[in-house]
1. Is there a residue being touching a residue at least 40 places away in the same chain (Cβ under 8 Å), small (Gly, Ala, Ser), at negative phi and open to solvent by less than 40 Å² (accessible area, probe 1.4 Å) anywhere in region 85-107?
2. Specify which of the listed residues (SER60, SER50) is modelled with pLDDT of 90 or more and hydroxyl-bearing (Ser, Thr, Tyr).
3. Considering only residues that are part of a helix (DSSP H, G or I), surrounded by 13 or more Cβ atoms within 10 Å (Cβ to Cβ) and more than 13 Å from the chain's Cα centre (by Cα), which ones fall in region 68-82?
4. Can you tell me how many residues within region 50-69 are free of Cβ contacts under 8 Å to residues at least 40 places away in the same chain and within 16 Å of GLU107 (Cα to Cα)?
5. Please state which of the following conditions PRO34 fails to meet, knowing it meets all the rest: (1) of a type outside the set (Phe, Trp, Tyr); (2) touching a residue at least 24 places away in the same chain (Cβ under 8 Å); (3) surrounded by 12 or more Cβ atoms within 10 Å (Cβ to Cβ); (4) not in a loop (DSSP other than H, G, I, E, B).
6. Give the residues of region 84-110 that are aliphatic (A, V, I, L, M) and in contact with a Lys or Arg (Cβ under 8 Å, 6 or more places away or on another chain), sorted by residue number.
Amino acid sequence: MRKDITIDGLNKTTYMKDDMEGKIAVKEEVNIDPHLKHNKRLLNLNDGYSKSRDLKRVASIPTIALSVWANEYNESNNWFGLPPEVQKKILKKKLNSTEFRYFKTAEGNI
């Protein structure tokens, strides 16, 4: 079995080729710890509103999480292929849960 590893920032992709069976496997890993640390800093920084109070910072979600959530919904990892109303429903459910609280960058419910 032959392996090729590519590291791009926080992403690590391992390509494995099995010459005997003629198969290729791809394993993707993402280190989201720096992302979560940054979100925690923002969460404690202020209320998330801009100076004009027209905009509010809400969340910062790693794209790998969006892929996982899309896969849970329809067994496809294409988040951007989901209809906007489905995306909104999933985001509201996930971000209002305690499990994903560190994706949020300001207090409050979605």
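1. So in region 85-107, the residues touching a residue at least 40 places away in the same chain (Cβ under 8 Å) come out as 102-107.
Narrowing further to those that are small (Gly, Ala, Ser): 106.
Right, trim to at negative phi and you get 106.
Right, trim to open to solvent by less than 40 Å² (accessible area, probe 1.4 Å) and you get 106.
Looking for residues that are touching a residue at least 40 places away in the same chain (Cβ under 8 Å), small (Gly, Ala, Ser), at negative phi and open to solvent by less than 40 Å² (accessible area, probe 1.4 Å), one finds at least one in region 85-107, hence yes.
2. Values: SER50 fails: modelled with pLDDT of 90 or more.
One residue alone meets the criteria, SER60.
3. TYR73 - this is the single residue of region 68-82 that is part of a helix (DSSP H, G or I), surrounded by 13 or more Cβ atoms within 10 Å (Cβ to Cβ) and more than 13 Å from the chain's Cα centre (by Cα).
4. So the answer is 3.
5. Every condition holds for PRO34 apart from (3).
6. Kept after step one, since they are aliphatic (A, V, I, L, M), are these residues of region 84-110: 86, 90-91, 95, 106, 110.
Listed by number, the residues that qualify are LEU95, ALA106, ILE110.
The values are calculated or read from the model by the stated rules, or taken from the named source; none is laboratory data. Note that the coordinates shown come from a computational prediction; the quantities given were computed from them, not determined experimentally. In this analysis, Cβ positions are derived from the backbone assuming ideal geometry, glycine residues included, and neighbour counts consider all displayed protein chains. Surface accessibility is based on the protein's heavy atoms, side chains included, excluding ligands, DNA and RNA. Shrake-Rupley method; radii C 1.70, N 1.55, O 1.52, S 1.80 Å.
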